[in-house]
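Everything on this sheet refers to the single structure shown next.
The values are calculated or read from the model by the stated rules, or taken from the named source; none is laboratory data. This is a predicted model, so every value here is computed, not measured. Don't worry about glycine lacking a Cβ; one is built from the backbone with ideal geometry, like all the others, and counts go over all protein chains shown. Note: areas computed on protein heavy atoms with side chains; ligands, DNA, RNA excluded. Shrake-Rupley method; radii C 1.70, N 1.55, O 1.52, S 1.80 Å.
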Amino acid sequence: MASAGGWFQSHIAPYWRSLVLVVLPLLLLPLPVVSATSAARCGYVILIMAAYWMTEALPLAVTALIPVFAFPLLGILSTGECCLVYMKETNMMFLGGLTVAIAVEHCNLHKRIALFVILNVGQSPRRLMAGFMLTTMFLSMWISNTASTAMMVPIVDAILVELYATRSKKLPEENATAIDLSANSGQNQLELSPAGENGVTDGHNIKERAEAEGGVVTTTEVVTTKSTSLTATPPDEECRALRDMCFLATAYAANIGGTGSLTGTGPNLVVKGVLASSFSQPTGLNFATWMAFNVPGMILCVILAWVWLQVLFMGLFRKKSPIQQSTPERTNAVRKLIRQKYKELGPMTHHEATVLTLFIILVLLWLFRAPEFVPGWSAWFKDAFEGIEVDDATPAMLIVTLLFILPARLNFWCFRNPKDPGPPQPSPACMNWQVVHEKIPWGVVLLLGGGFAMAEGANKSGLSAWLGDQLVAFNVMPKEAIVFVVSLMTAMLTEVASNTATASILLPVLKEMALNINVNPLYLMLPAAVCCSYAFMLPVATPPNAIVFSAANMKSADMMKAGFLMNIICVVVITVMINTLGVALFDLQHMPPWANSTISALN
């Protein structure tokens, strides 16, 4: 047995990706051969893509390109029809929102926000953890969860060093701070290598998963790790527990924060894209209604995560240890450190003020484009230009263009300082293309497009309708139970697959299932999309998990123990929210007219 195992490890295991790529299409080949229908051929392609996405046998973005050649060759969609869905309005909105988020990182505005919040929340361990979570949650709503986590890791570590100092008067100099907190820390990429005995994944897979989740990992330098942590080594077990608690809190807040806005993470946009391609009438889901529904749930999940981590690592009724107690010396030391880091940023620059202003304008334009409760500004153009629709991509691209036009510094004409020596120099714009080119996760654009192509092919081939008919059996269950089961299954699946890929596979099926059991499609699709971000158990589930796992050299058992109940908590929260706030916002108790008209059209 030992020799057989050794032979497998040496001859088969290194080539498992090649075996998946070659053997899987052959194993599934009877499906389109035996059932010579368009739906069967489409199912064949989708099963292959789903397996490739889950195993990452191919890069995620490359798998997303399969429909471009597979659908035309199998007679499902023409090449032109297939290619058009790769750059829909939803993808343009994503690009615009992500470019504005990159501008926020580029001028270090996100770090100013983070330090300001932590400085004012409080300096006891419990308050500091709340500050970490609130800051990361807010940033993750607008910038990628990967970037927000990587930015917070060195800040959290530097503060923990001060807390450790109360237990060990002098830490080894090499352990004082492992990651720099310089002003430019958000402008380069971090590459994480295998974490030794804990073994998260390799650097390539973490970076690829980061692209799939909609961002890149950022910090000051390329760092590799084996069995050592990237952060300061805790002097004892109580400090280690505090470190694990704070880092897990940061990762959880990053994952949950992405659910708060429509552009926060990929699955949110998949919902919007699937609805837009399936129904000709407005569905009531837009930027404003998304936030109205998800922000309360997001805040509730973060609060419960804050409580759960304290119960797990500090104990609910356990006597406080010295590291948990706040003393004047510790409070002053931590406040001094945060104030020093904030002071190093200097006063707010014209660059930061311009980006902040444009960011606020973009959010307001998104919120009030079609807020439902009052006529939105997009209605003016629809009335003035005979039915022209203005969607969320339009204000996003307007603000992006202004970022490339408006100057980052006022050093020209009458704004120039007379005492400034040398000839006048042109001011750079708030954003330049090189930064955008390096930081835009182009792979996620293709990943979203591949998901939309799958949905289009399933719809045109009749596969979606067939799947919906098979799922009618779920109608015997109460709809509240259906939502809970769907949400829990989605949360478990996204632990081992990209959240965007998971949403691309599940949401078109759930749409057809809802139509066939006579339920508002939003009732199943919204919770499933949100649960695609509820991956807290495994280091490889999301880039934030991988970052904190490798950075802190955390134990897999600790992450799984904390994450399992966190998954359950969040699934319960979204189930309650969709049956209370969701019902009030979207009238989920009744089948909407936009769904009924589409059913008639499809039949």
Once label points are set 7 Å from the Cα along Cα→Cβ at both V476 and Q434, what is their separation, rounded to one decimal in nm? 6.5
Please say if the stretch 1-140 is rounded, prolate or oblate, where rounded means a/c under 1.5 for a ≥ b ≥ c the square roots of the C-alpha gyration tensor eigenvalues, and otherwise the choice is prolate for a/b larger than b/c and oblate otherwise? oblate
With every protein chain left in place and a probe of 1.4 Å, what is the accessible surface of H351, to the nearest 10 Å²? 30
Long-range amide H partners of A429, meaning residues 5 or more apart or on another chain whose placed amide H is closer than 5 Å, are A408
Each residue of the stretch 510-527 in order: what ³J(HN,Hα) in whole Hz does its phi give by Karplus 6.51 cos²θ - 1.76 cosθ + 1.60, θ = phi - 60°, with x for Gly and Pro? 5, 4, 5, 4, 4, 5, 7, 9, 6, 10, 3, x, 5, 5, 9, 6, 4, x
Expected vector for the stretch 463-468, Karplus 3J(HN,Hα) from phi with 6.51, -1.76, 1.60 and θ = phi - 60°, integer Hz, x for Gly and Pro, equals 5, 4, 5, 5, 4, x
If one computes the Cα centroid of the stretch 54-125 and of the stretch 17-37, what distance in Å separates the two points? 30
Using unit Cβ charges (K, R positive; D, E negative) and no other charged atoms, how large, in debye to the nearest 20, is the dipole of the stretch 422-498 about its Cα centre? 120
At 0.36 nm per residue, and after removing the present C-alpha to C-alpha distance, how many nm does the segment from E386 to F116 gain when stretched out fully? 92.5 nm
One point scatterer per Cα, no solvent, Debye formula: log10 I(q)/I(0) for the stretch 476-603 at q = 0.10, 0.11, 0.16, 0.23 Å⁻¹ comes out as -0.37, -0.43, -0.79, -1.28
Residue-wise, which Karplus ³J(HN,Hα) couplings in Hz belong to the stretch 339-351, taking 6.51 cos²θ - 1.76 cosθ + 1.60, θ = phi - 60°, and x for glycine or proline? 4, 5, 5, 5, 5, 4, 6, x, x, 4, 7, 4, 4
